[in-house]
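Undergrad: The structure follows.
Every number here is computed from the coordinates shown, using simple stated rules; none is lab data. These numbers were taken from a predicted model, which means no experiment stands behind them. Here the Cβ is made from the backbone with ideal geometry for all residues, glycine too, and neighbour counts use every protein chain on show.
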Amino acid sequence: MSDHVDGPRQIGDPAADLTDLFAFNSPEKPGRTVLGANVFPAAGASALFSNAVNHSIVVRRTTVAGHGDAVLFKTSDPEYRFTWRFSALEHGPEGSTPVQRGTCTLPGGQELKFVVNDEKGASTPDGMFRVFAGLRSDPFILAWMPATLKKLPNLIEHDNVLGIVVEFDTHRVLDPDKGSLFGVIAETTPVPAPATLIGKPPPRFDWVGRPEQTNMRLNNPAMEGAEDLRDLWNQLTPFAIAEDLKPLFRQRLIDSLTNWDLRDGKADFTPAAIGACANVYLDDFMLIDVTKPTTDSSYLEIEKSTLQGRPYQTGGGRTVNSNVVDIMISWMVNNDKEHLQGGSTSATKPGSTTFPYLASPNKELQTVAESVEVSAPPDKVWALVGAFGGSWHPLIAKVELIGSGIGQLRKIETIDGKQIIERLETMDDSKRFYRYTNISGLPASNYTGTFVVTPKGANSVIEWRAQYLGDGQGTLVVKIIVSTLFKTGLEALKKHFG
């Protein structure tokens, strides 16, 4: 999933997990370049930037040093580095929303302070730079099952991420008259700290250049048994892959790209072309020519044109609305002989044409509703299920009730060892209805569930419903978890009452 959850380290530390990288010409103000990166997949409404992480976007001037099968993109100094650092959460006056602040260190060392989630961002007095950081809708589109190329709805729909954006005057900052082609990466690194007796922090937590380098090329899900190289890759230095490790990663890229090429049963690349593509991906950075137009379809055009031995025509880069997975899969599977389109062509929300370009976060509650008709009168059904305990559910190993009446807690231990704590908010025995909220145990926030039994002739209908926001897991994943819990319980009740 682009760079989402791209290895064991990232799964364990989502606040440092880079999910995406963008580079494009501003559609709002000609002559300005926009760079953006996202972290924290499936960020909840209260997600914060880590104050132990440096979030950086780095730019280096690039030249085309080879074409065709001898393709080579060579980067050089100076390095243009934008680094965001964040404070701990600050409590404001009573009743106000807590605030997180940050500082972006610009190329040359100038510092620009801002407030997280301020839509206006912050600008330098001369207007050369403008920065933003905050919760945004995840713009990524993953509408494929990568291992089988089965088309799916967008698996990232309704998810949020934490985004950082910088917009700047292209000529004053990058001086493209000296060369207009640039390579861009983003990385998360530890905030410098003294070494301890048990060692020192890793050189970096994560980095990203071209989307899907880790999850779909280095860790191609169709290559069963291949050793997971993602954590090792994420420790490498961008723009300077260790020479002793290049053969390992190059061979993995060759094997993976060969596998992708044969997904449709045909070889559309020669071995030499596969090797050339592997070389391009091994030097993993996003290419953008800041003097040429960037569009939703210009991603990878610079690489493809250079591999074909002809001058590139666009600015390459990557816009917020670019469907990079379809572009990438079409190239890897059939060398662009046919455009392959996944099961969805748009993100949850389209990116904006105005600063900060990433769409506002998703705050619409999601709903799971399941129901079943059972062959028993409502009073008999309510006698079993009306208590807040829930020990009748086959996935529940043990329930402990704490307190009584409204506010009562039920501490649930599931048969697979997980713990869920829920609080009773409303109970109406006459209407055979109760409402509860989740305190912990589910990867969701703003979770409210309702359980009701209603008559239907001589039978009863049991309805179980919940509304929530995904928090820490993808919205679709949460829906599957909750729906499975509901369906399993209701099917058990149907069997119980015959």
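Undergrad: Inverting the mean 1/r over all pairs of different Cα atoms, compute the Kirkwood radius of region 88-222 and quote it in Å. All intermediate terms of the calculation are to be shown ahead of the outcome.
TA: Numbers: mean 1/r = 0.0528 Å⁻¹.
About 18.9 Å for region 88-222.
Undergrad: Okay, helix-only estimate at 222 nm for the chain: each DSSP H run of n ≥ 4 adds -39500 (n - 2.57), divide by all residues, round to 500 deg cm²/dmol; what do you get?
TA: Numbers: 9 runs with 91 residues, N = 498.
One gets -5500 deg cm²/dmol as the mean residue ellipticity at 222 nm.
Undergrad: For K456 and A65, calculate 0.36 nm times their separation in residues minus their Cα-Cα distance, and state this gained length in nm to one decimal.
TA: Full extension of this stretch gives 133.2 nm more.
Undergrad: Calculate, in nm to one decimal, what W392 and E79 gain on full extension: separation in residues at 0.36 nm each, minus their alpha carbon distance.
TA: 106.4 nm
Undergrad: Something else now. Would you mind pulling out the separation of the Cα centroids of region 220-266 and region 336-397, in Å?
TA: When both Cα centres are located, 35 Å separates them.
Undergrad: Once both axes come from the Cα atoms, what is the angle between helix 324-334 and the longest principal axis of the chain, in degrees from 0 to 90, rounded to 10?
TA: 70 degrees
Undergrad: For a paramagnetic label modelled at 7 Å from the Cα of A193 toward its Cβ, which residues of region 37-61 fall within the zone defined by backbone nitrogen distances under 16 Å?
TA: Output list for this probe position: 50-55.
Undergrad: Which of the residue pairs K151/K266; K349/K418; K380/K456 have a Cα-Cα distance greater than 22 Å in the structure shown?
TA: K349/K418
Undergrad: Any idea what angle helix 475-496 forms with the longest principal axis of the chain, computed on alpha-carbon atoms, 0 to 90 degrees, nearest 10?
TA: Computed tilt is about 20 degrees.
Undergrad: Determine, from the Cβ-Cβ distance of I415 and A240 and an R0 of 35 Å, the FRET efficiency 1/(1 + (r/R0)^6), rounded to the nearest 0.05.
TA: 0.10
Undergrad: Can you give the Kirkwood hydrodynamic radius for region 366-496, in Å, rounded to one decimal and based on Cα pairs?
TA: 15.0 Å
Undergrad: Right, next: On C-alpha positions alone, give me the angle between the axis of helix 246-261 and the longest principal axis of the chain, in degrees, nearest 10.
TA: Tilt relative to the chain: about 70 degrees.
Undergrad: Given a Förster radius of 56 Å and the C-beta distance between A267 and R172 as r, what FRET efficiency does 1/(1 + (r/R0)^6) yield to the nearest 0.05? The partial results should precede the final answer.
TA: Values: r = 48 Å, r/R0 = 0.86.
In this case the efficiency is close to 0.70.
Undergrad: With an 8 Å Cα cut-off and a minimum separation of 6 or more residues, compute the relative contact order for region 8-334 in percent.
TA: Rounded, it is 20 percent for region 8-334.
Undergrad: Same structure again: Could you sort 213-219, 121-127, 414-420 so that the peptide with the highest average Cβ count within 10 Å comes first and the rest follow in order? Walk me through the intermediate numbers first.
TA: Numbers: 213-219: 23.1, 121-127: 13.3, 414-420: 11.7.
Put in order of decreasing packing, that is 213-219, 121-127, 414-420.
Undergrad: So for region 388-453, Kirkwood radius off the Cα pairs, Stokes-Einstein at 25 °C and 0.890 mPa s: how many µm² s⁻¹?
TA: Value of D from the Cα-based Kirkwood radius: 201 µm²/s.
Undergrad: Compute the semi-axes of the equivalent ellipsoid of the chain, taking the square root of 5 times each eigenvalue of the Cα gyration tensor, and list them largest first in whole Å. Please list the in-between numbers first.
TA: Numbers: eigenvalues 434, 152, 82 Å².
Largest first, the chain gives 47, 28, 20 Å.
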